[in-house]
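A.B. asks: Can you keep this structure in mind? I'll have questions shortly.
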Amino acid sequence: MSVTVSRVLAAVALLASLILVPGPAVASLADGWTPPLSTRGRYVVDATGQRFKLRSGNWYGASGTWTGSGDPADDANNHAGENANRMPLGLDRAPITEIVASFVELGLNSVRLPFSNEMIHDTVPVTDAAVAANPQLRGDTPLQVYDAAVAALTAAGLAVILNNHTNTTRWCCGLDGNERWNASQSTAQWETDWLFMAARYRDDPRVAGADLYNEVRRDVLSDPNWGSGDDRDWFAAAQHLGDRILTEANPDLLIVVEGINWTGLPIDGFPHGRPTLTPVAQLSHTLVTSGKLVYSAHFYDYTGPNHSGATGIGETTDPRYRDMTRDELFATLYRQAFYVADQAGQHFTAPVWISEFGIGLNSDAVSQAWFHHVVDYLIQADADFAYWPIAGWTEARGSDGWALLSWSASGSRTTVTDGGDWRAADWTRLIAADARTGLVEPVRRFAMLSPDHADFVQSATMRQAGDWDVGARKTACPDGQALTGLAHSGNRGLCTDMPAPWSSYRVVTGEAYVTADWASGYTKFECPAGGFVIGYAVRGAVVSSALCALSSAGTSTGRTVWFDRSDTRPSGNPGGDFASGAYKGQCEVGEYVAGIAFTRRIGSSGSPAAIYCRS
């Protein structure tokens, strides 16, 4: 669809003109961080390396509130009776600047802003009544209103994380045609829409992240998976799109990947569960741009690690999170998500953002206890978080009441801290909790290479260089990294940061650079003196070529590491298990792979058997 950047810039100018005099809180928030955001180990940091803890909220509505039956214009057919009219909720009741200023008052520094793919293409203007408190938005399409919301948020100094919540504009989440990124549309359309959205806000540096899809889960017939290589492979879909966003649309965005929300049939006796981030330990993403990956997970009291959250149909006897003791809950949260951030120096180490958690004002004592415990854990873990939701209608407080802020039909505002809301104490201590601040020093990074089903070239330089081994399956480390480990079977590898940049490369397919017989009787692909392996190619299991970066930092001598009969890895497990179930060889920290040895003799597959490590 044809949309000009000028429309977005006009929205920015309009919202800037509406903010007459920024208050101290707004000014200090805007001055408090420098975009773009990136990651260092488990932390999100700003452009100066200062920790930027995501204290976020979800401003829902643009992805839809209609429940799927009846007239969408009828409030009764929208979730909790709150009709967002295809826009961020509340624009009929309060000026957009008041709503955004209220988010800042809550203590937030960032907002997760859901949208649907349908919203992007919806050309029907919003009704005047739907923007009664914001007459400047009359006649706008839902996307143009979304533009205005983005502009208002970023003008206030808030970071915005774009969230593709649903395919269609309706309430999430069940068997609703929105179970996966490609449930009601093709994967190609999903990617096209994302490239459009990422490029649309490229000139607004406080648009900080792309949350690729919400709560990937089972549909009626099939499960999503993490690494199978088919059209239900969420790992591969997120990997491919994340790379495309960074290389084709906006290199500054964080790429947020949520774990799988549900697989299996929720029937006692049948396998079912909530994998969340547990598969990441054995298969993690390596983006073409390092320092841009954030993992996310959702936790609510009524769901559980093996409980769908349903009551009646779909309900099982598995415990919900609220049924767990404090210690059980803490152990479960760690196992399902927080290990990713807690375990430093692994291929999967990344920030973990709890991009949805929340609870209703009218919850019972058991659910309230769960919320107390979750807040305890978020504080203890110094975790990034996003409360769901931050804006609602006052009329819903009697039945739903999940929002921290609500507006009445007349425009009066109620906040979680106004009195009479049991959540106020927990929210206040969460926002005010001690947290790491200041400069986060760069840390050694490890990255997994997983050419399991196709090429996995994560070097931007080598992507531009073309096909270095035609017909073979190829993989390469991100720029700035070199190979430090290889698996004997399965073709996986492990990369880590290089001590110095490389200026040129060479493809090695023979023994022209071998100066010593470091693997007698084996074929050896060795880099020239001073060079390191940054990639490799295979044909089936057989090593086809080694891709060498030429650097002045390396030595010409090294040592042999065999791994065809057992693991040979440094103590302390640096980088983690990058090829579960396979023998692995790995250089010591400070060494890098400079050669790969293999054999095609009878009984051997031609897969890597030894590596040559240079310091």
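A.B. asks: Collect the residues in segment 517-536 that are closer than 21 Å to ARG601 by Cβ, in contact (Cβ under 8 Å) with a residue 24 or more places away in the chain and not charged (D, E, K, R), keeping them in residue-number order. Talk me through it step by step, then tell me what you get.
C.D. replies: Of the residues in segment 517-536, the ones closer than 21 Å to ARG601 by Cβ are 517-526, 536.
Going one step further and asking which of them are in contact (Cβ under 8 Å) with a residue 24 or more places away in the chain, we end up with 518-519, 521-526, 536.
Result: TRP518, ALA519, GLY521, TYR522, THR523, PHE525, TYR536.
A.B. asks: Only one of these is in a loop (DSSP other than H, G, I, E, B), open to solvent by 60 Å² or more (accessible area, probe 1.4 Å) and among the charged types (D, E, K, R): ASP467, ASP452. Name it.
C.D. replies: After applying the criteria, what remains is ASP467.
A.B. asks: Scan segment 388-405 residue by residue and report those that are assigned to a strand (DSSP E or B) and either of a type in the set (Asp, Glu) or farther than 14 Å from ARG423 by Cα (or both).
C.D. replies: Correct list: ALA391, GLY392, TRP393.
A.B. asks: Is segment 173-185 home to any residue that is open to solvent by 30 Å² or more (accessible area, probe 1.4 Å), in contact (Cβ under 8 Å) with a residue 40 or more places away in the chain, closer than 21 Å to ASP71 by Cα and under 21 Å from the mean Cα position of the chain (by Cα)?
C.D. replies: yes
A.B. asks: Might you let me know whether segment 350-357 holds any residue that is β-branched (Val, Ile, Thr) and under 22 Å from the mean Cα position of the chain (by Cα)?
C.D. replies: Yes: segment 350-357 contains one or more residues that are β-branched (Val, Ile, Thr) and under 22 Å from the mean Cα position of the chain (by Cα).
A.B. asks: State whether the residues of segment 418-425 include one that is of a type in the set (D, E, K, R), buried (at least 22 other Cβ atoms within 10 Å of the Cβ) and either part of a loop (DSSP other than H, G, I, E, B) or free of Cβ contacts under 8 Å to residues at least 24 places away in the same chain (or both).
C.D. replies: Yes, segment 418-425 contains at least one residue that is of a type in the set (D, E, K, R), buried (at least 22 other Cβ atoms within 10 Å of the Cβ) and either part of a loop (DSSP other than H, G, I, E, B) or free of Cβ contacts under 8 Å to residues at least 24 places away in the same chain (or both).
A.B. asks: Same structure, new question: Starting from residues that are open to solvent by 10 Å² or more (accessible area, probe 1.4 Å) and touching a Lys or Arg at 6+ places or on another chain (Cβ under 7 Å), keep the ones in segment 145-172 and report whichever is nearest to ALA249 (Cα to Cα).
C.D. replies: Looking at residues that are open to solvent by 10 Å² or more (accessible area, probe 1.4 Å) and touching a Lys or Arg at 6+ places or on another chain (Cβ under 7 Å), I get THR154.
A.B. asks: Counting only residues that are within 32 Å of the chain's Cα centre (by Cα) and free of Cβ contacts under 8 Å to residues at least 60 places away in the same chain, which one in segment 539-571 is nearest to TYR522 (Cα to Cα)?
C.D. replies: Going through the qualifying residues, I end up with ALA546.
A.B. asks: Moving to a separate point now. Look at segment 56-94 and say how many of its residues are among the hydroxyl-bearing types (Ser, Thr, Tyr), surrounded by 22 or more Cβ atoms within 10 Å (Cβ to Cβ) and more than 18 Å from LEU405 (Cβ to Cβ).
C.D. replies: Adding up the residues that qualify gives 1.
A.B. asks: Can you spot a residue in segment 259-271 that is hydroxyl-bearing (Ser, Thr, Tyr) and open to solvent by 20 Å² or more (accessible area, probe 1.4 Å)? Quick ask: steps written out before the conclusion?
C.D. replies: Taking segment 259-271 and keeping what is hydroxyl-bearing (Ser, Thr, Tyr), we get 263.
Subset that is open to solvent by 20 Å² or more (accessible area, probe 1.4 Å): 263.
Checking segment 259-271: at least one residue is hydroxyl-bearing (Ser, Thr, Tyr) and open to solvent by 20 Å² or more (accessible area, probe 1.4 Å).
A.B. asks: Could you check segment 501-512 and list, in sequence order, the residues that are open to solvent by 30 Å² or more (accessible area, probe 1.4 Å) and either in contact (Cβ under 8 Å) with a residue 24 or more places away in the chain or touching a helix residue (DSSP H, G or I) at 6+ places or on another chain (Cβ under 8 Å) (or both)?
C.D. replies: PRO501, TRP502, SER503, SER504, TYR505, ARG506, VAL507, THR509, listed by residue number.
A.B. asks: Okay, next question. Write out, first by first residue and then by second, each pair whose Cβ atoms fall under 8 Å of each other, whose residues are 6+ apart or on separate chains, and whose first residue, in segment 225-240, is over 17 Å from ARG274 (Cβ atoms) and modelled with pLDDT of 95 or more while the second is crowded, with 16+ Cβ neighbours inside 10 Å and among the acidic types (Asp, Glu).
C.D. replies: GLY227/ASP233; GLY227/ASP452; GLY229/ASP452; HIS240/GLU191
A.B. asks: How many of the residues making up segment 379-409 are touching a residue at least 60 places away in the same chain (Cβ under 8 Å) and over 32 Å from the mean Cα position of the chain (by Cα)?
C.D. replies: The qualifying residues number 4.
A.B. asks: Sticking with this structure for a sec: Name every residue in segment 426-437 that is touching a Gly at 6+ places or on another chain (Cβ under 9 Å) and either part of a loop (DSSP other than H, G, I, E, B) or open to solvent by less than 40 Å² (accessible area, probe 1.4 Å) (or both), in order of residue number.
C.D. replies: Correct list: TRP427, LEU430, ILE431.
A.B. asks: Which residue is surrounded by the most Cβ atoms within 10 Å (Cβ to Cβ), if the candidates are limited to segment 535-592 and must be part of a loop (DSSP other than H, G, I, E, B) and aliphatic (A, V, I, L, M)? Break it down into steps so the answer makes sense when it comes.
C.D. replies: Keep residues of segment 535-592 that are part of a loop (DSSP other than H, G, I, E, B), which gives 540-541, 551-558, 563-567, 569-574, 576-583, 587-591.
Checking the rest, the ones that are also aliphatic (A, V, I, L, M) come to 541, 553, 579, 582, 589.
Working: ALA541: 15, ALA553: 16, ALA579: 23, ALA582: 17, VAL589: 13.
Per the criteria, the residue is ALA579.
The values are calculated or read from the model by the stated rules, or taken from the named source; none is laboratory data. Source: prediction; values computed, not measured. With ideal geometry, Cβ positions are generated from the backbone for all residues, glycine too; neighbour counts draw on all protein chains shown. Protein only, heavy atoms only, side chains kept; ligands, DNA and RNA dropped before computing areas. Shrake-Rupley method; radii C 1.70, N 1.55, O 1.52, S 1.80 Å.
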